[in-house]
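Undergrad: Sharing a structure, written as structure tokens. Questions coming.
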Amino acid sequence: MHAFQPAHRTASCWLVAIVGSLALLLATPALSRAEESNPNNYSCLGHINSGAPEAGSEEQQVEYSFYCDGPITGYQLESQIPLTGVESSPLVTNPAGNALTDTLSCSGEIPGWADNCVGAAKAGYEHVTGQFAIGSKICVEPREDPLLTVTYAYLEKGLVTQAIAGPFDLGRPLGCHPDAYSGSTRLSPRPPIKVHKKHKAKKKPAAGTKS
């Protein structure tokens, strides 16, 4: 597990870093659009669950994992709960679960609301898995429900083109007990489920006894 490295960068710095960190990647031709989805209209799927404990930290770790149907050169996870830590280097694997040499680097203001990452997952369906920390237990309401936005920078007729897709809802954490908010997400909210408590019937006194 990689160490958490709090950073203090604004959203504008994040966008600048995307272009700056991709100089080598952009030296190669853009992938065939017949082989990959439109990078402005990617489909991405993922989830979150309780993460592995971090040495020296008692804070709740949240693990996220996602993939898209095309290559990406950056992404942002937007949290509705303040982040207290960000893993610097998420793991990139192929669909079979084998680690790849593709790398991504993450940072964000601590405490803050976003995990900003740049680098490259060079092909579609590569899985990105990382962690961030929050100051509350993962199954306590309001439960974490991050939104994912992905970016892709490539050369188009000699010019750098920046695409962006999302947001995609990674959903509430797996492994928690159902409650009144189960089935509801930030992008598809539902009214809380009303739970009606059953009232126990009073036992009638046995015949011949005084009430």
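Derivation of every value follows stated rules applied to the coordinates shown; laboratory data play no part. Model, not experiment: these values are computed from the prediction. Virtual Cβ from ideal backbone geometry, glycine too; neighbours counted across all protein chains shown.
Undergrad: Quick query: amide H of residue 113 versus all other amide H atoms, modeled in the peptide plane; which residues come in under 5 Å with a sequence gap of 5 or more or a different chain?
TA: 83
Undergrad: Continuing with this model, one more query. Taking θ = phi - 60°, what integer Hz values does the Karplus form 6.51 cos²θ - 1.76 cosθ + 1.60 yield along the stretch 148-159, in sequence order, with x for Gly and Pro?
TA: 10, 10, 10, 10, 8, 10, 8, 8, 10, 6, x, 10
Undergrad: Going by average Cβ density within 10 Å per residue, which order do the peptides 101-108, 60-67, 38-45, 174-181 take, highest to lowest?
TA: Numbers: 101-108: 18.4, 60-67: 21.5, 38-45: 15.9, 174-181: 11.6.
Highest to lowest by the protection proxy: 60-67, 101-108, 38-45, 174-181.
Undergrad: If we count other beta carbons within 10 Å of each Cβ, what is the order of 122, 137, fewest first? Each step should come with its number before you reach the end.
TA: Values: 122 16, 137 11.
Sorted ascending by nearby Cβ count, the order is 137, 122.
Undergrad: A further question on this structure: Residues in the stretch 40-84 near a label at residue 125, defined as backbone nitrogen under 13 Å from the 7 Å Cα→Cβ point?
TA: 67-71
Undergrad: What distance in nm separates the simple spin-label points at residue 49 and residue 169, each placed 7 Å from Cα in the Cβ direction?
TA: 2.1 nm
Undergrad: Taking the Cβ of residue 185 as the centre, find all other residues whose Cβ is under 15 Å away and add up their charges (Lys, Arg: +1; Asp, Glu: -1). Please report the intermediate quantities before stating the final value.
TA: Details: positive: 143, 172, 186, 190; negative: 78, 141, 144, 145, 169, 179.
Neighbour charge sum, excluding residue 185 itself: -2.
Undergrad: Tell me, what ³J(HN,Hα) does each residue in the stretch 127-142 have, in order and in whole Hz, if you take phi through Karplus 6.51 cos²θ - 1.76 cosθ + 1.60 with θ = phi - 60° and put x for Gly and Pro?
TA: My calculation for the stretch 127-142 gives 8, 10, 10, x, 9, 9, 10, 10, x, 10, 5, 5, 9, 7, 6, x Hz in order.
Undergrad: Please list, ordered by chain and number, the residues whose modelled amide H lies under 5 Å from the amide H of residue 120; skip anything fewer than 5 residues away on the same chain.
TA: 103, 104
Undergrad: Show the residues, 5+ positions off or on another chain, whose built amide H is closer than 5 Å to the amide H of residue 60.
TA: When sequence neighbours closer than 5 places are left aside, the close amide H contacts are 134, 136.
Undergrad: Determine ³J(HN,Hα), in whole Hz, for all residues of the stretch 108-113 in sequence, where each value follows from phi through the Karplus function 6.51 cos²θ - 1.76 cosθ + 1.60 and θ = phi - 60°; x replaces Gly and Pro.
TA: Per-residue couplings from phi come out as x, 5, 10, x, x, 10 Hz.
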